[in-house]
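Participant: I have a structure I would like to understand better, so I am pasting it below and will then ask my questions one at a time.
Read-outs: derived from the displayed coordinates by stated rules, not from any lab. Keep in mind the model is a prediction, meaning the values are calculated, not measured. Here Cβ is always computed from backbone atoms with ideal geometry, including for glycine, and neighbour counts include all displayed protein chains.
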Amino acid sequence: MIPARTTAFGSKKILRQNSPNKRFPRTSPQAGLNTPGRTVEGYRFLEHTSDAHIEAWGPTLEGAFAQAAEGFYETMLNVRSVEPKTMDRLRVEGHDEKELLYDWLEALLLKFDIDRMVYSVFDITQISNESQRMKLEAKVRGEKYNHQKHGAKAEIKGVTYHEMQIERQRDRVTVRFILDL
C-alpha cells in the first residue's frame with residue numbers, strides 16, 4: 001500500500017487505488033432524494049476511479065451552474081458548515097457554455113487558493129451572450145476557510161474539460177464535469 005501524503009491544503013492526498021466516491025456522498029445533502037428525476041435542482045457524484053465526476057442540474061443554466069459550484073465545494077469540504085458572512089462578486093467570460101462553466105469553477109478555485117474563501121450561496125444574477133462572448137455575473141456568499149470548522153475532504157488541483165457536458169432539456173439543464181484531485 002502506498003502511504004497517503006499530506007498536502008498544503010492539510011488533507012490526505014487521495015491515492016489512485018481509492019475511489020473518491022467512497023469519501024463523497026452519492027448525492028447532495030438531501031440524501032437519496034436529490035436525484036435528477038426527483039428534484040428541480042441538485043448535484044451528485046458520479047463514478048470515477050481517481051477524480052471527482054460531478055453532475056449538477058437546475059431549471060436554468062444559472063441554476064445548474066449554482067449547483068455545480070455547490071458540488072465543487074462539497075468535494076473539498078463540508079459546504080453546509082460554510083456561513084454566508086461576506087459577499088463577493090464574480091465575473092467570468094467564455095466563448096461558449098463549456099468554457100464559461102470551466103472559467104466559473106476555476107474562479108472559485110482561485111478564490112480558495114489565493115484568498116482562502118469558501119462559499120455556500122451562489123446567486124448567479126446573469127448569464128448573457130454579448131459580442132460572441134458568454135458572460136456570467138454572480139454574487140457569492142461565504143467566509144474564510146477554517147480547517148476545524150469546514151473540514152477537509154480532497155484537494156482540487158484543477159478543473160478539466162475532459163468529459164464536460166452541458167445538456168438542455170425542456171425544463172432542465174444538466175452539466176457534468178471532472179475535477180482533478
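Participant: Quick one: if the Förster radius is 22 Å, what FRET efficiency do D180 and R116 give, using the C-beta to C-beta distance and rounding to 0.05?
Facilitator: So, using R0 = 22 Å, E works out to roughly 0.65.
Participant: Let me ask something additional. Considering only Cα-Cα distances, which of the following residue pairs are longer than 20 Å: K111/K139; K85/K135; K85/K144; K98/K135; K111/K153?
Facilitator: From K111/K139; K85/K135; K85/K144; K98/K135; K111/K153, over 20 Å: K85/K135.
Participant: Amide H neighbours of G158 under 5 Å, at least 5 residues apart or on other chains, H built in the peptide plane: list them.
Facilitator: Under 5 Å from the amide H of G158 lie the amide H atoms of D180, each far enough along the sequence or on another chain.
Participant: What residues qualify as long-range amide H neighbours of A52, i.e. H under 5 Å apart, gap of 5 or more or another chain, H built at 1.01 Å from N?
Facilitator: L179, L181
Participant: So what are the ³J(HN,Hα) numbers for the range 125-131, from phi and the Karplus equation (6.51, -1.76, 1.60; θ = phi - 60°), rounded to whole Hz, Gly and Pro as x?
Facilitator: 6, 6, 10, 10, 10, 10, 6
Participant: Can you list the HN-Hα couplings for the range 107-124, worked out from phi with the Karplus curve (6.51, -1.76, 1.60; θ = phi - 60°), rounded to whole Hz and with x for Gly and Pro?
Facilitator: 4, 5, 5, 5, 4, 6, 5, 8, 9, 6, 9, 10, 10, 10, 10, 10, 9, 7
Participant: Please turn the phi angles of the range 70-78 into ³J(HN,Hα) values with the Karplus equation 6.51 cos²θ - 1.76 cosθ + 1.60 (θ = phi - 60°), one per residue in order, whole Hz, x for glycine and proline.
Facilitator: Using θ = phi - 60°, the values come out as 5, x, 4, 5, 5, 5, 8, 7, 7 Hz.
Participant: Would you grab the residues whose amide H sits under 5 Å from the one on V121? Only those 5+ places off in sequence or on another chain, please, with H modelled 1.01 Å from N.
Facilitator: Under 5 Å from the amide H of V121: R141.
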